[in-house]
Each structure stands twice: as structure tokens, then as C-alpha cells.
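Novice: Starting off with a structure, shown below.
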Amino acid sequence: MTESKIALVTGANKGIGYEIAAGLGALGWSVGVGARDEHRREAAVEKLRAAGVDAFGVPLDVTDDASVTAAARLLRERAGRLDALVNNAAITGGVPQHPTAVSPQVLRTVVETNVIGVVRVTNAMLPLLRRAASPRIVNMSSGVGSLTRQTEAGASELTIGPLSAAYSPSKTFLNAVTIQYAKELRDTNILINAACPGYVATDLNGFRGVRTPEQGAAVAIRLATLPDGGPTGSFFEDAGVVPW
């Protein structure tokens with residue numbers, strides 16, 4: 001098995017995912033760039049390598065069982081273990097998403113990627129994570145998934161986002177799943193947490209955000225490199241704990 005730490009970042013060919021890969025690579029990690037699109041994936045790997053990162057491509061569609069199984073096999077053959085998994089891949093499902101008008105198909109599609117995809121990838125990678133000394137799982141969530149923030153009187157759209165019958169609830173669902181993983185894994189050395197990157201300008205929101213992808217990546221990098229005995233089953237942003 002390789003001596004350098006190994007991470008897999010899903011949806012890492014652009015935006016926040018790319019910056020998470022770059023940040024971990026700058027710390028000396030070997031980083032698997034998980035992405036569906038071959039051209040974009042390899043372009044990201046090439047760019048990371050040019051910056052001195054030990055990056056490698058991982059063909060990965062989080063909605064496809066065979067693709068996820070193949071990704072786990074690739075990582076097992078390359079490194080023998082996985083030190084950190086960052087579940088970053090996500091979709092919005094498009095806008096507008098008024099609950100009175102959203103289609104069941106949009107809901108299914110968003111949940112399939114943003115929640116079921118996380119479960120599918122996490123469960124496939126757990127045998128490799130269990131072989132690491134200090135394994136970490138980071139689920140990229142969002143403040144729009146906070147029920148507390150969504151119901152605060154006078155909260156701005158910068159905090160709670162627009163009306164969203166699919167994307168926001170999918171992040172609430174992801175938060176709940178994260179808690180359940182933490183409960184099951186509490187007697188292991190695996191730490192799992194949810195991360196809120198803030199309102200980042202990416203193509204996910206039409207580049208309307210106020211933070212850079214690099215700023216948004218910082219919380220995930222911190223959670224992926226937590227020391228032993230660190231928190232698990234929690235929800236964090238740069239400023240600290242996010243209320244559920």
C-alpha cells in the first residue's frame with residue numbers, strides 16, 4: 001500500500017470539488033478526481049498535476065452501481081485503502097422549484113444524486129476506509145438544508161436560498177443520513193461530518209454566490225484532515241457549527 005494519504009473527491013472536475021482536491025493535494029495527499037465526464041476529469045487531473053498535485057482520474061457516476069463498484073476497485077488496486085472520502089457531487093434539479101409545481105421526477109433525480117449517490121459511494125468505499133489509520137468522510141451539504149435557518153424569521157436569501165422543493169430538502173435528507181452513519185460508526189475510528197461551504201459562486205447557482213470555490217473548499221479540507229478524537233456526526237461551516 002502507498003504511504004501517502006489517499007483521498008477521493010466526487011464531482012472534483014470543477015468548482016468546490018476541484019478546490020478540495022487542490023487543497024488536499026497541496027498538503028501532500030494523493031487525490032482521486034471523481035467525475036463522470038472523461039474530458040473534464042482528465043483536464044482537471046492535468047491541471048492539478050501541473051500545480052504539483054499527485055492527482056489521478058477516477059471515472060465515477062454516483063448514480064450508477066457499476067460505476068461506483070469500478071471506482072472502488074480502482075482505488076483498491078492503486079492504493080489498498082482510502083484515508084478520506086469527500087462526497088461533493090450534487091445537482092440542483094433546475095429552477096424554479098416551487099413545491100406546488102415541482103415534478104416528482106425532479107425530486108427523484110435530485111435525491112438520487114445528492115442522497116442515494118452519497119450512500120452508494122460511501123458504502124462502496126467503507127472497506128477501503130476501514131483499512132486506513134484515521135479515516136474521514138465529509139458530506140458536502142449546504143446551509144439551505146438547515147431546518148433552523150429555513151424557519152428563522154427575517155432570514156435573507158443569502159442564508160436560506162430561494163424556494164427549493166428538491167435541492168434544499170435533499171441537503172436536509174443528507175444531513176439526517178450523515179447523523180445515522182455517525183451513530184453506526186461511533187465505535188470505529190471513522191469520523192463523518194457534513195460541511196457547508198457557504199454561498200459560493202459556481203455553475204450550480206449561475207455564479208451568483210459571494211464566495212470563491214477555494215473559500216468554499218476550506219471547511220471540507222479541515223474536516224477531511226481532522227485529528228483523532230475530533231468531532232463526528234456534526235454540521236460545520238467556517239464559522240463553526242451549523243444548526244440542524
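Novice: For K183, give me every one of the lysines with a C-alpha distance below 25 angstrom, ignoring sequence neighbours fewer than eight places off in its own chain.
Specialist: Straight-line reach from K183, under 25 Å: K171.
Novice: Let me ask something else. Averaging sequence separations of C-alpha pairs under 8 Å and six or more residues apart, then dividing by the length of segment 113-243, give the relative contact order as a whole percent.
Specialist: Contact order relative to length: 29 percent.
Novice: Another question about this same structure. Taking only Cα atoms, what is the 0 to 90° angle, nearest 10, from helix 65-78's long axis to the longest principal axis of the chain?
Specialist: Here the helix axis deviates by roughly 40 degrees.
Novice: What whole-number value in cubic angstrom gives the convex hull volume per residue for the C-alpha atoms of segment 6-241?
Specialist: 119 Å³
Novice: Taking the simple approach of a point 7 Å from Cα along Cα-to-Cβ for both T151 and D228, what is their distance in nm?
Specialist: In this crude spin-label approximation the distance works out to 4.0 nm.
Novice: Hey, which lysines would be in cross-link range of K47, C-alpha to C-alpha under 22 Å, not counting anything within fewer than 8 residues on its own chain?
Specialist: K5, K14
Novice: Let me ask something additional. Which order do the peptides 181-189, 121-129 take when ranked by the mean count of other beta-carbon atoms within 10 Å per residue, highest first?
Specialist: 121-129, 181-189
Novice: Between helix 167-184 and the chain, what is the angle of the helix's C-alpha long axis to the longest principal axis, kept within 0 to 90° and rounded to the nearest 10?
Specialist: On a 0 to 90 degree scale, this one is about 50.
Novice: Hey, another quick one. Does anyone have the angle between helix 213-224 and the longest principal axis of the chain? Alpha-carbon axes, 0 to 90°, nearest 10?
Specialist: 60 degrees
Novice: Report the relative contact order of segment 6-241, percent, no decimals, based on alpha-carbon pairs under 8 angstrom and at least 6 residues apart.
Specialist: For segment 6-241, the relative contact order is 20 percent.
Any read-out appearing in this document is the output of simple, stated calculations on the displayed coordinates, not a laboratory observation. Computed from a prediction, not measured in an experiment: that's the story for all the values here. So basically every Cβ, Gly included, is an ideal-geometry build from the backbone, and we count neighbours across all protein chains shown.
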